[in-house]
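**Q** Take a look at the following structure, please.
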Amino acid sequence: MGKIILTGDRPTGKLHLGHYVGSLRRRVELQNSGEFEKIFIMIADAQALTDNADNPEKVRQNILEVALDYLSCGLDPAQSTLFIQSQVPELCELAFYYMNLVTVARLQRNPTVKAEIQLRGFAEGNEEDGSQRQGIPVGFFTYPISQASDITAFKATTVPVGEDQEPMIEQTREIVHKFNSVYGETLVMPEILLPDNAACLRLPGTDGKAKMSKSLGNCIYLSDSADEVKKKVMGMYTDPDHLRVEDPGKVEGNTVFTYLDAFSRPEHFQRYLPDYASLDELKAHYRRGGLGDVKV
Ligand code: TRP
């Protein structure tokens, strides 16, 4: 049997360069490698609702945005099946049965769920202190189980995702193991496929913060116009100690160079910056000082 990919995203916003570097670029490469018999890319709208139940319109609107972002970066419907999670109701059905194979304690230990509970302010509600915290929605708490349905329903062998999804795949593997040992060999054991380039695991935001994120307002969106991209790039965080063009500058931790590491290829220099043969030369000039009057 050939290898099968399943992966996807929650449609809670337009996709940005962080998504591109962290997952989309790889997906397109995998698609074009011809190594996979089937590829399923899922827009996880039902999962997005688990922490957006009060804003279904946002999820609905972003289904199309995410689909367009997929197409724009090279996912090809002739090679990959793009689909919407909620349109496959059997996924919910399967999750219902998997729920019997997972303990509450096991879900509570899931590091990604834990981190997201903190991030969303879902900490246990306490009505006595009059706090507004609403507690953890059960659907949200159990989404790792629904993710196991997504993966196993399509007999996925390979799940290309970012490192934050590792606990979900681990949880899926446990469910597969349990299911198969109780009911007989049925489900395919999936493998996680992490991004291969360590430097590209996470792209910082344009403000130099560790992560590109909608709430930080430091994103370059795939759907941004060329002018918007240019404006964002020109306003990017560089080396805060580099005050005058002639001063030496630091390349390490300099967001512009992190982006260049992620995106530039030798042939780009000939085309856009013919004064430099390579990124190393550009870096050397920045370190020396005096780089800044380059026309772009
Ligand atoms: N949890 C993933 C995310 O936050 C989306 C997702 C849902 C997914 N089901 C999946 C990813 C199955 C891989 C496999 O982006």
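**Q** Show that you can apply the helix-only estimate: for the chain, add -39,500 (n - 2.57) for every DSSP H stretch of four or more residues, divide by all residues, and state [θ] at 222 nm to the nearest 500.
**A** -12000 deg cm²/dmol
**Q** Compare the Cα positions of Q118, G162, A95 along the charge dipole of the chain (+1 at Cβ of Lys, Arg; -1 at Cβ of Asp, Glu; about the Cα centre) and return the one farthest towards the positive end.
**A** Working it through, the farthest residue towards the positive pole turns out to be G162.
**Q** Can I ask one more? Kindly work out what percent of the DSSP beta bridges joining two residues of the chain are antiparallel, to the nearest 5.
**A** 5
**Q** Would you mind checking which residues have amide H under 5 Å from L203's amide H? H placed 1.01 Å from N; only 5 or more apart, or other chain.
**A** M212
**Q** Can you give the convex hull volume of the alpha carbon atoms of the stretch 205-256 per residue, in Å³?
**A** So the per-residue Cα hull volume is 86 Å³.
**Q** Express the Stokes-Einstein translational diffusion coefficient of the stretch 130-232 in µm² s⁻¹, to the nearest whole number, given a Kirkwood radius over alpha-carbon pairs, 4 °C and a viscosity of 1.567 mPa s. Each step should come with its number before you reach the end.
**A** Working: Rh = 16.9 Å.
Estimated diffusion coefficient is 77 µm²/s.
**Q** Pick out which of V251, V159, V113 has the largest mean-square fluctuation in a Gaussian network model of the chain, springs linking Cα atoms closer than 10 Å.
**A** Highest fluctuation among the options: V251.
**Q** Something else about it: From the square roots a ≥ b ≥ c of the eigenvalues of the alpha-carbon gyration tensor of the stretch 1-105, which class results: rounded (a/c under 1.5), prolate (a/b over b/c), or oblate? All intermediate terms of the calculation are to be shown ahead of the outcome.
**A** Working: a/c = 1.99, a/b = 1.22, b/c = 1.63.
Oblate, since a/c reaches 1.5 and b/c is not below a/b.
**Q** Work out from phi, with θ = phi - 60° and the Karplus expression 6.51 cos²θ - 1.76 cosθ + 1.60, the ³J(HN,Hα) of each residue of the stretch 20-29, listed in order in whole Hz, and give x for Gly and Pro.
**A** Each residue's phi maps through the Karplus curve to give 4, 5, x, 8, 4, 4, 5, 4, 5, 4 Hz.
**Q** Quick check on the stretch 202-296: what does the Kirkwood estimate of hydrodynamic radius come out to from the alpha carbon pairs, in Å? Numbers along the way, then the final one.
**A** On the way: mean 1/r = 0.0707 Å⁻¹.
Across the stretch 202-296, the inverse of the average 1/r is 14.2 Å.
**Q** Next up: Given the options S213, V245, S181, identify the residue whose Cα lies farthest towards the positive end of the charge dipole of the stretch 176-296 (+1 on Cβ of Lys, Arg; -1 on Cβ of Asp, Glu).
**A** Result: S213.
**Q** Considering all projection directions equally, how large on average is the shadow of the alpha-carbon convex hull of the stretch 53-108, in square nanometres?
**A** Mean shadow area of the hull around the Cα atoms is 6.1 nm².
**Q** Ok, one more. Scan the chain and report its longest stretch carrying no trypsin sites (Lys or Arg not before Pro) that are both in a DSSP loop and have at most 10 other Cβ atoms within 10 Å.
**A** Counting at most 10 other Cβ atoms within 10 Å as exposed, the longest clean stretch of the chain is 1-243.
**Q** Here's something else I'd like to know. Is the shape of the stretch 242-296 best called rounded, prolate or oblate, per the rule: a/c under 1.5 gives rounded, else a/b larger than b/c gives prolate, else oblate, with a ≥ b ≥ c the square roots of the Cα gyration tensor eigenvalues?
**A** Oblate shape, in that a/c is at least 1.5 and b/c is the bigger or equal ratio.
**Q** Any lysines with Cα under 20 Å of the K214 Cα? List them, leaving off those in the same chain fewer than 8 positions away.
**A** Straight-distance partners of K214: K14, K58, K230, K231, K232.
**Q** Note down the relative contact order for the stretch 199-296 as a percent, whole number, built from C-alpha pairs under 8 angstrom at least six residues apart.
**A** 25
**Q** Another question about this same structure. Quick one: what Rg and Dmax do you get for the chain from the alpha carbons, in Å?
**A** Spelled out, the Cα radius of gyration and Dmax of the chain are 22.0, 71 Å.
**Q** How big is Rg to Rh over the stretch 175-234, alpha-carbon atoms, Rh as the Kirkwood inverse-mean-distance radius?
**A** Answer for the stretch 175-234: 1.33.
**Q** Further question on the same structure: As an exercise, take the mean of 1/r over every pair of distinct alpha carbons in the stretch 79-180, invert it, and state the Kirkwood radius in angstroms. Intermediate values should be presented prior to the final figure.
**A** Values: mean 1/r = 0.0668 Å⁻¹.
About 15.0 Å, per the Kirkwood formula over Cα pairs.
**Q** For helix 56-72, report the angle its Cα long axis makes with the longest principal axis of the Cα atoms of the chain; keep it between 0 and 90° and round to the nearest 10°.
**A** Helix 56-72 sits at roughly 60 degrees to that axis.
**Q** What does the net charge come to around P190 if you take all other residues with beta carbon closer than 15 Å to its beta carbon, with K and R at +1 and D and E at -1?
**A** -2
**Q** Write out the GluC sites (Glu not before Pro) in the stretch 174-250 meeting two conditions: DSSP loop, and at most 15 other Cβ atoms within 10 Å of their Cβ.
**A** When the GluC sites (Glu not before Pro) of the stretch 174-250 are filtered for loop state and at most 15 Cβ neighbours within 10 Å, E185, E246 remain.
Throughout, read-outs are computed from the coordinates displayed, never taken from laboratory work. Since this is a predicted model, take the numbers as computed values, not measurements. Cβ atoms come from the backbone with ideal geometry, glycine included; neighbour counts cover every protein chain shown.
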